[in-house]
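J.: Take this structure, written in structure tokens, and hold onto it; I'll ask about it next.
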Amino acid sequence: MATTKRPRNRMFRNINAKIAAIPMVLTTLVVFVGGTIWTVVYSFTNSKLLPKLKFVGFDQYERLWSNSRWLISIENLALFGVFSLIFTISVGFLLAVLMDQKIRFEDTFRTIMLYPFALSFVVTGLVWQWILNPSFGIQSIVRSLGWESFTFNPLENPNLVMYGLLIAGLWQGTGFVMCLLLAGLRGIDEDIWKATRVDGIPTWKTYVIVIIPMMRPVFITTLVLVAAGIIKLYDLVVAQTSGGPGNASQVPAMYVYDYMFQAQNLGQGFAASTMMLLSVLIVLIPWAYLEFGGKKHG
Amino acid sequence: MAEAVHPRGTKPRRRLSGRNIMLYGTLLVFSLYYILPLWVMVMTSLKGMPEVRLGNIFAPPVEITFEPWVKAWAEACTGLNCDGLSRGFWNSVRILIPSVILSIIVASVNGYALVNWRFKGSDVFFTILIFGSFIPYQVMLYPIVILLREMGLYGTLWGLVVVHTIFGMPILTLLFRNYFSSIPEELFKAARVDGAGFWGIYFRIMLPMSLPIFVVALILQVTGIWNDFLFGVVYTKPDLYPMTVQLNNIVNSVQGVKEYNVNMAATLLTGLVPLIIYFVSGKLFVRGIAAGAVKG
């Protein structure tokens with residue numbers, strides 16, 4: 001009797017835990033894995049209003065890469081991404097270093113720098129739309145001070161609109177990066193500082209040659225988090241510029257949404273979202289390799 | 001002997017050294033950049049339209065009026081509806097409460113099962129979950145539309161609740177898993193010896209011992225779900241739109257005269273819930289966002 005029961009026992013061991021994990025199992029297998037595979041498969045079909053399994057090879061991708069709106073979107077995202085990575089990390093690190101100087105009012109400064117991060121991108125976009133408004137905002141104020149020819153109207157200039165978005169994006173996100181990097185700085189052993197002080201190495205040099213290399217894992221994690229956020233860029237653009245003027249501030253996430261839910265051209269939407277996935281993988285795979293693959297050797 | 005009497009520690013610095021002026025000066029300049037938009041929002045929302053047209057957006061109002069706030073709350077128009085942001089607010093509340101509760105329950109039980117009741121493959125699911133959080137939402141948008149339609153939830157409030165539970169799962173599960181694994185295993189073993197089961201241990205030991213992490217999860221979810229825009233647009237219908245979506249529709253509507261003071265009052269109203277959470281929670285908020293950076 002006992003022998004016949006054993007396999008059943010193994011199946012039903014932890015039965016409550018297995019039941020409790022059903023939502024997680026369904027989410028990972030059905031939504032994350034299943035959904036991703038589904039989208040990739042259907043990106044090779046010519047689905048229009050409804051998803052249909054009529055394969056057309058790489059047609060959707062060819063159409064995608066010959067669509068000027070998509071090319072603009074990619075260019076915009078690359079521009080926004082590069083600048084926002086450089087600025088969030090460098091400004092975030094600068095602020096973190098300043099905050100780490102045993103200053104007074106540290107909590108007040110942190111509260112001020114981090115509160116934008118609690119706000120949504122929609123709120124962020126709308127506030128900056130107002131501040132950058134040419135007839136009421138910064139431009140008009142500087143002009144009213146006497147500098148009549150002053151021009152600062154990024155949101156209505158196709159060449160500058162991405163920088164207008166960048167100002168808002170940096171406002172929202174640098175506080176967060178500052179917090180992550182500050183936690184990293186605080187995690188460094190006090191003895192290292194003492195040792196460099198004994199050796200008479202100037203503070204700035206200690207940061208460059210000792211602290212920054214030691215904080216490599218923190219920087220990499222921050223980089224991955226920021227990069228993953230940039231690829232999702234959507235609400236900020238919708239709120240601040242609606243993709244305009246013209247198509248000048250389009251981004252990939254908007255392209256996907258419009259083709260899937262407005263233009264009823266599902267295949268294009270799937271192809272575009274698959275390209276987004278691909279760009280995440282390009283960021284993620286080297287990171288995962290460094291983070292998890294490297295440990296086996298070390 | 002003489003050396004022993006020397007004061008220890010670093011030499012106290014002078015208050016107004018050049019270094020301090022640079023340090024605090026830089027911090028103040030940055031603080032100005034961060035605080036300015038909030039200042040502008042508040043000031044604009046308290047002015048009448050004539051004053052907005054004439055004046056400087058940074059200047060405080062000459063005459064304070066709360067009319068823009070009233071108008072934003074009760075009269076602002078989206079399309080044909082002119083019942084203000086209040087509808088979006090209540091929609092957001094109705095979405096928020098079940099989403100927060102459900103997502104925290106699911107994720108905390110996940111975390112608990114992953115730490116104390118590992119089963120074959122449980123770590124694989126966890127790894128997929130974490131990697132899944134990096135997949136752009138756009139990739140899964142349409143498959144979820146199909147799933148919700150099959151379940152009869154597409155376009156309903158509960159559909160959105162399911163979506164928030166799914167996308168909140170990676171970060172929250174990570175949060176709970178890390179916290180539960182810091183609770184001594186002896187406690188769990190002792191409870192097992194005493195005959196407590198899966199749910200018994202969860203409710204009598206894990207839950208009462210982990211209240212701080214539940215608060216962190218609460219903060220994370222309330223701000224995250226309140227600020228959501230994409231899922232609100234995709235998975236609900238116009239009369240169920242959450243506050244962020246309605247705000248965007250009010251401010252960016254092309255019809256009618258632009259009332260900037262009402263727009264700013266509406267923007268501020270939408271930002272108020274996360275701002276209050278942020279200012280009340282303080283350090284716990286920081287802990288919540290830092291959890292995202294903790295390695296799994």
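The values are calculated or read from the model by the stated rules, or taken from the named source; none is laboratory data. The shown structure was predicted, so the numbers you read here are calculated from the model rather than taken from an experiment. Note that we place each Cβ from the backbone using ideal geometry, even for glycine, and neighbour counts take in every protein chain shown.
J.: Looking at (1) under 24 Å from A:Ala288 (Cα atoms); (2) touching a Gly at 6+ places or on another chain (Cβ under 9 Å); (3) not aromatic (Phe, Trp, Tyr), can you tell me which one A:Lys232 breaks?
T.: (2)
J.: Tell me which of these A:Glu148 doesn't satisfy, since it passes every other one: (1) of a type outside the set (A, V, I, L, M); (2) part of a loop (DSSP other than H, G, I, E, B); (3) in contact with a Lys or Arg (Cβ under 9 Å, 6 or more places away or on another chain).
T.: Status for A:Glu148: all satisfied but (3).
J.: Now a separate question. Could you please find all residues in the stretch A:10-28 being part of a helix (DSSP H, G or I) and among the basic types (Lys, Arg)?
T.: Listed by number, the residues that qualify are A:Arg10, A:Lys18.
J.: Quick one: A:Leu49 ticks every box in (1) of a type in the set (A, V, I, L, M, F, W, C); (2) more than 8 Å from chain B (Cβ to nearest Cβ); (3) within 24 Å of the chain's Cα centre (by Cα) except a single one, so which number is it?
T.: Every listed condition holds for A:Leu49 apart from (3).
J.: Return the only residue of A:Ile282, A:Ile209 being away from every other protein chain (no Cβ under 11 Å) and over 15 Å from the mean Cα position of the chain (by Cα).
T.: Selected residue: A:Ile209, the only one of A:Ile282, A:Ile209 that is away from every other protein chain (no Cβ under 11 Å) and over 15 Å from the mean Cα position of the chain (by Cα).
J.: Do we have any residue at all in the stretch A:58-67 that's closer than 26 Å to A:Gly246 by Cα and of a type in the set (Asp, Glu)?
T.: Checked the stretch A:58-67: at least one residue is closer than 26 Å to A:Gly246 by Cα and of a type in the set (Asp, Glu).
J.: Residues of the stretch A:84-111 being at the interface with chain B (Cβ under 9 Å from one of its Cβ atoms) and touching a residue at least 60 places away in the same chain (Cβ under 8 Å), which ones? First the steps, then the outcome.
T.: As a first pass, look at the stretch A:84-111 and keep what is at the interface with chain B (Cβ under 9 Å from one of its Cβ atoms): A:91, A:94-95, A:98-99, A:101, A:103-105, A:107-111.
A:Val91, A:Leu95, A:Met99, A:Arg110 - these are the residues of the stretch A:84-111 that are at the interface with chain B (Cβ under 9 Å from one of its Cβ atoms) and touching a residue at least 60 places away in the same chain (Cβ under 8 Å).
J.: Another question about this same structure. Quick one: in the stretch B:149-184, of everything that is farther than 20 Å from A:Thr27 by Cβ and without any contact (Cβ under 8 Å) to a residue 12 or more places away in the chain, which residue is farthest from the other protein chains (Cβ to nearest Cβ)?
T.: Residue satisfying both the conditions and the ranking: B:Pro184.
J.: Let me ask you something else. Residues B:Val70, B:Val139, B:Val124, B:Val29: which one is more than 14 Å from chain A (Cβ to nearest Cβ) and free of Cβ contacts under 8 Å to residues at least 40 places away in the same chain?
T.: Among B:Val70, B:Val139, B:Val124, B:Val29, only B:Val70 is more than 14 Å from chain A (Cβ to nearest Cβ) and free of Cβ contacts under 8 Å to residues at least 40 places away in the same chain.
J.: Checking the structure you have, find out if any residue of the stretch A:267-278 is at pLDDT 90 or above, surrounded by fewer than 13 Cβ atoms within 10 Å (Cβ to Cβ) and aliphatic (A, V, I, L, M).
T.: So far as the stretch A:267-278 goes, yes, one or more of its residues are at pLDDT 90 or above, surrounded by fewer than 13 Cβ atoms within 10 Å (Cβ to Cβ) and aliphatic (A, V, I, L, M).
J.: Identify, please: which residue in the stretch A:256-266 is buried (at least 17 other Cβ atoms within 10 Å of the Cβ) and farther than 12 Å from A:Arg63 by Cβ and is, among those, farthest from the other protein chains (Cβ to nearest Cβ)?
T.: Within the stretch A:256-266, the match that is farthest from the other protein chains (Cβ to nearest Cβ) is A:Asp258.
J.: What tally of residues in the stretch B:224-256 results from selecting those that are over 13 Å from A:Val122 (Cβ atoms), at the interface with chain A (Cβ under 10 Å from one of its Cβ atoms) and under 18 Å from the mean Cα position of the chain (by Cα)?
T.: So the answer is 1.
J.: Looking only at the stretch A:63-110, count every residue that is part of a helix (DSSP H, G or I) and under 19 Å from A:Ile211 (Cβ atoms) and tell me the total.
T.: Of the residues in the stretch A:63-110, 13 are part of a helix (DSSP H, G or I) and under 19 Å from A:Ile211 (Cβ atoms).
J.: Same structure again: One residue is enough: does the stretch B:200-210 have a residue meeting the conditions of a type outside the set (Lys, Arg), part of a helix (DSSP H, G or I), farther than 21 Å from A:Ala17 by Cα and in the same structural domain as B:Ile95 (by TED's automatic domain parsing)?
T.: Checked the stretch B:200-210: no residue is of a type outside the set (Lys, Arg), part of a helix (DSSP H, G or I), farther than 21 Å from A:Ala17 by Cα and in the same structural domain as B:Ile95 (by TED's automatic domain parsing).
J.: Here are some residues: A:Ser242, A:Ser249. Which one is within 26 Å of A:Leu79 (Cβ to Cβ), away from chain B (no Cβ under 13 Å) and of a type in the set (Ser, Thr, Tyr)?
T.: Within the list A:Ser242, A:Ser249, the selection yields A:Ser249.
For every residue, the table says whether it meets (1) surrounded by fewer than 22 Cβ atoms within 10 Å (Cβ to Cβ); (2) hydroxyl-bearing (Ser, Thr, Tyr).
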residue	(1), (2)
B:Ile146	yes, no
B:Gly152	yes, no
B:Val163	no, no
B:Lys189	yes, no
B:Ile205	yes, no
B:Ser210	yes, yes
B:Ile213	no, no
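J.: Find the residue count for the stretch A:29-57, including only residues that are assigned to a loop (DSSP other than H, G, I, E, B) and more than 13 Å from A:Leu277 (Cβ to Cβ).
T.: 12
J.: Taking the condition under 23 Å from A:Gly243 (Cα atoms), more than 13 Å from chain B (Cβ to nearest Cβ), assigned to a helix (DSSP H, G or I) and of a type outside the set (Phe, Trp, Tyr), does A:Gln129 pass?
T.: Here the answer is no, as A:Gln129 does not meet what is asked.
J.: Right, something else. From B:Arg177, B:Arg192, grab the single residue that is part of a helix (DSSP H, G or I), basic (Lys, Arg) and modelled with pLDDT of 90 or more.
T.: Selected residue: B:Arg177, the only one of B:Arg177, B:Arg192 that is part of a helix (DSSP H, G or I), basic (Lys, Arg) and modelled with pLDDT of 90 or more.
J.: Does B:Phe279 satisfy the condition of being within 12 Å of chain A (Cβ to nearest Cβ), assigned to a helix (DSSP H, G or I) and either free of Cβ contacts under 8 Å to residues at least 12 places away in the same chain or surrounded by fewer than 23 Cβ atoms within 10 Å (Cβ to Cβ) (or both)?
T.: Values: within 12 Å of chain A (Cβ to nearest Cβ): yes; assigned to a helix (DSSP H, G or I): yes; either free of Cβ contacts under 8 Å to residues at least 12 places away in the same chain or surrounded by fewer than 23 Cβ atoms within 10 Å (Cβ to Cβ) (or both): yes.
It is true that B:Phe279 is within 12 Å of chain A (Cβ to nearest Cβ), assigned to a helix (DSSP H, G or I) and either free of Cβ contacts under 8 Å to residues at least 12 places away in the same chain or surrounded by fewer than 23 Cβ atoms within 10 Å (Cβ to Cβ) (or both).
For (1) more than 30 Å from B:Val162 (Cβ to Cβ); (2) modelled with pLDDT under 90, each residue gets a yes or a no:
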| position | (1), (2) |
| --- | --- |
| B:Arg8 | yes, yes |
| B:Leu28 | yes, no |
| B:Leu36 | yes, no |
| B:Pro68 | yes, no |
| B:Cys77 | yes, yes |
| B:Gly88 | no, no |
| B:Ile95 | no, no |
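J.: A further question on this structure: Determine which single condition B:Arg53 fails, assuming it passes every other condition in (1) crowded, with 20+ Cβ neighbours inside 10 Å; (2) part of a helix (DSSP H, G or I); (3) not assigned by TED's automatic domain parsing to the domain that holds B:Asn261.
T.: Unmet condition: (1).
So that you can scan it fast, the table gives a plain yes or no per residue for (1) surrounded by fewer than 21 Cβ atoms within 10 Å (Cβ to Cβ); (2) within 18 Å of B:Leu32 (Cβ to Cβ):
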{"site": "A:Ser84", "(1), (2)": "no, no"}
{"site": "A:Leu94", "(1), (2)": "yes, yes"}
{"site": "A:Met99", "(1), (2)": "no, yes"}
{"site": "A:Lys102", "(1), (2)": "yes, no"}
{"site": "A:Ile112", "(1), (2)": "yes, yes"}
{"site": "A:Gly125", "(1), (2)": "no, no"}
{"site": "A:Leu155", "(1), (2)": "no, no"}
